[in-house]
């Protein structure tokens with residue numbers, strides 16, 4: 001009887017002890033285990049877990065049970081943990097990013113694509129598919145961390161494709177997994193792609209809902225053949241579907257060409273080559289739309305290039321706005337020079353046409369040599385130059401008082417009040433940096449890539465470069481901008497003297513009292529009040545030397561304080 005009582009007490013004691021353990025159970029697909037590098041990454045909602053301080057132990061339940069070597073009080077994306085199973089210790093991370101797992105029995109080569117299985121997990125869904133995978137890029141294929149092109153298949157032979165959708169990105173069958181290996185901070189290309197989407201929207205957006213001006217991107221953790229490969233940038237493609245160009249329909253409608261030139265050739269408008277309509281390559285351009293199997297006709301792009309290079313001054317001034325979407329060209333020139341994207345002057349630049357009888361426009365691609373680095377990932381600490389080509393040279397430098405240079409400068413200062421303000425740019429870059437650093441991306445990359453050379457000084461270097469670059473561009477665009485800006489046809493406002501010191505006069509055909517604000521180049525409000533046309537003076541006494549913007553009657557006027 002005593003024996004039965006003893007074992008009863010022992011069973012109850014063990015039961016109570018077991019009940020005081022907390023089990024973190026992670027469904028299959030929401031975790032990946034790298035047994036080569038002894039690393040585990042999970043993608044689950046960590047807000048569901050309580051404070052563990054009252055529990056005796058915490059157990060991680062995956063394919064089997066893993067015990068935390070040091071019991072955590074909470075679960076965080078900002079901490080790594082050590083768990084143990086069968087005397088093997090694993091580094092455990094709970095990722096803020098989706099997890100992608102790719103497995104294939106075949107060697108992944110440049111082409112053709114190899115059959116693979118695919119699993120994607122975010123907080124909302126787990127998606128599985130079969131797919132084709134191949135290496136992409138040129139120099140990037142020599143890096144230890146590879147970039148891949150993905151294509152999702154309905155069947156193992158890839159005869160039929162299927163569309164997949166991830167996060168807030170589009171639904172499509174063709175994707176890029178960008179290793180962003182040549183950029184230690186892993187944020188320059190990511191920030192640049194999203195910045196372009198914030199700067200520019202397609203002019204035909206009212207006709208094509210959902211059209212984008214370039215590729216959107218997202219971060220993901222990637223496992224390949226059960227080994228962790230690090231954080232990647234999952235990217236949409238720049239193609240007909242992304243830009244929503246008109247399909248080929250027995251006739252060429254929309255057009256899309258990919259440029260591939262750094263310093264010379266037809267893609268940067270300093271050479272006019274003969275074309276051959278039996279080839280999908282013309283000089284530095286590769287035909288993307290229409291499909292070469294449907295039609296090849298270089299005549300439109302040839303005529304546009306001929307016009308840019310060879311038209312006389314008057315014809316260029318009168319007709320360029322019909323052949324090129326100037327607002328897009330202005331934004332691209334600004335974007336190109338803000339980033340100092342030396343690899344995107346003619347190379348990695350798409351030239352597109354929404355439909356016949358519509359103007360051409362540009363879309364950037366492969367933005368990995370920006371913000372003070374070049375395409376190889378090396379620092380390129382130059383802030384005092386302007387990137388251009390034959391087209392932009394004509395747009396800006398037709399004559400000293402040419403309107404287009406003025407318009408580009410006004411667009412620069414307009415953007416400097418918003419998305420390109422110093423505060424907005426610093427917030428974007430620092431926010432992405434903190435996202436990666438605080439969520440231990442740099443720590444994970446160091447675990448698996450021995451030559452990974454991240455250091456915090458890289459961020460300081462980029463920040464300092466950006467400030468110097470902005471100062472240089474402010475002066476450059478200020479020199480393009482004449483003191484007398486273009487007047488609105490309805491409301492005429494003239495500000496003088498300009499430059500000034502203590503006050504400005506406003507000459508206007510408006511008689512109503514209205515509000516005004518004056519902001520500095522960083523977007524901070526320096527003065528505001530009511531403007532009475534009967535007393536046409538606004539005091540700016542005490543303003544530091546620099547450039548300011550007066551917002552009055554829904555117009556923005558630049559003020560130079562000397």
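The values are calculated or read from the model by the stated rules, or taken from the named source; none is laboratory data. Quick caveat: nothing in here was measured; it's all calculated off a predicted structure. Virtual Cβ from ideal backbone geometry, glycine too; neighbours counted across all protein chains shown.
Side notes on the structure shown:
- When residues of the range 533-551 are limited to those that are farther than 18 Å from residue 415 by Cβ and at pLDDT 85 or above, the one farthest from the chain's Cα centre (by Cα): 537
- Residue check, residue 147 surrounded by fewer than 19 Cβ atoms within 10 Å (Cβ to Cβ) and modelled with pLDDT of 95 or more: no
- Among the residues of the range 227-275, the ones that are free of Cβ contacts under 8 Å to residues at least 12 places away in the same chain and at positive phi come to 1 in all.
- Residues being within 30 Å of residue 135 (Cα to Cα), under 30 Å from the mean Cα position of the chain (by Cα) and not in a strand (DSSP E or B) - total across the range 56-105: 5
- Within the range 193-215, being within 27 Å of residue 372 (Cβ to Cβ) and in contact with a strand residue (DSSP E or B) (Cβ under 8 Å, 6 or more places away or on another chain) holds for 193, 194, 196, 213, 214, 215.
- Among the residues of the range 505-513, not a single one is at pLDDT 80 or above, assigned to a strand (DSSP E or B) and within 19 Å of residue 417 (Cβ to Cβ).
- Residue within the range 522-531 that is modelled with pLDDT under 85, within 24 Å of residue 422 (Cα to Cα), surrounded by 11 or more Cβ atoms within 10 Å (Cβ to Cβ) and touching a helix residue (DSSP H, G or I) at 6+ places or on another chain (Cβ under 7 Å) present: yes
- Evaluation of residue 111 against the conditions (1) out of contact with any strand residue (DSSP E or B) (no Cβ under 6 Å at 6 or more places or on another chain); (2) surrounded by fewer than 14 Cβ atoms within 10 Å (Cβ to Cβ); (3) at pLDDT below 95 shows that the sole unmet condition is (1).
- Evaluation of residue 450 against the conditions (1) closer than 30 Å to residue 77 by Cβ; (2) surrounded by 15 or more Cβ atoms within 10 Å (Cβ to Cβ) shows that the sole unmet condition is (2).
- Residue within the range 129-138 that is at pLDDT below 95 and at negative phi present: yes
- Subset of the range 141-195 that is without any contact (Cβ under 8 Å) to a residue 12 or more places away in the chain and not in a loop (DSSP other than H, G, I, E, B) - its residue that is nearest to residue 458 (Cα to Cα): 142
- Candidate set: the range 38-67, residues that are under 23 Å from residue 117 (Cβ atoms) and surrounded by fewer than 14 Cβ atoms within 10 Å (Cβ to Cβ); chosen: the one modelled with the lowest pLDDT: 63
- All of 169, 123, 135 fail the test of being under 27 Å from the mean Cα position of the chain (by Cα) and farther than 25 Å from residue 367 by Cβ, apart from 123.
- Matching residues in the range 274-289 - criterion: being touching a strand residue (DSSP E or B) at 6+ places or on another chain (Cβ under 7 Å) and in a loop (DSSP other than H, G, I, E, B): 275, 280, 284
- Check on residue 129, out of contact with any helix residue (DSSP H, G or I) (no Cβ under 6 Å at 6 or more places or on another chain), buried (at least 19 other Cβ atoms within 10 Å of the Cβ) and more than 15 Å from residue 233 (Cα to Cα): no
- Failed item in (1) exposed (fewer than 14 other Cβ atoms within 10 Å of the Cβ); (2) under 31 Å from the mean Cα position of the chain (by Cα), with residue 270 passing the rest: (1)
- Within the set 320, 309, 345, the sole residue that is farther than 27 Å from residue 138 by Cα, surrounded by 18 or more Cβ atoms within 10 Å (Cβ to Cβ) and touching a helix residue (DSSP H, G or I) at 6+ places or on another chain (Cβ under 9 Å) turns out to be 320.
- The residues listed here are 416, 411, 444; of these, the one that is farther than 30 Å from residue 545 by Cα, in contact (Cβ under 8 Å) with a residue 24 or more places away in the chain and surrounded by 14 or more Cβ atoms within 10 Å (Cβ to Cβ) is 444.
- Consider the range 290-326 and keep the residues that are touching a residue at least 60 places away in the same chain (Cβ under 8 Å) and touching a strand residue (DSSP E or B) at 6+ places or on another chain (Cβ under 9 Å). The one that is nearest to residue 261 (Cα to Cα) is 308.
- Test: residue 414 is at pLDDT below 90 and not assigned by TED's automatic domain parsing to the domain that holds residue 553: no
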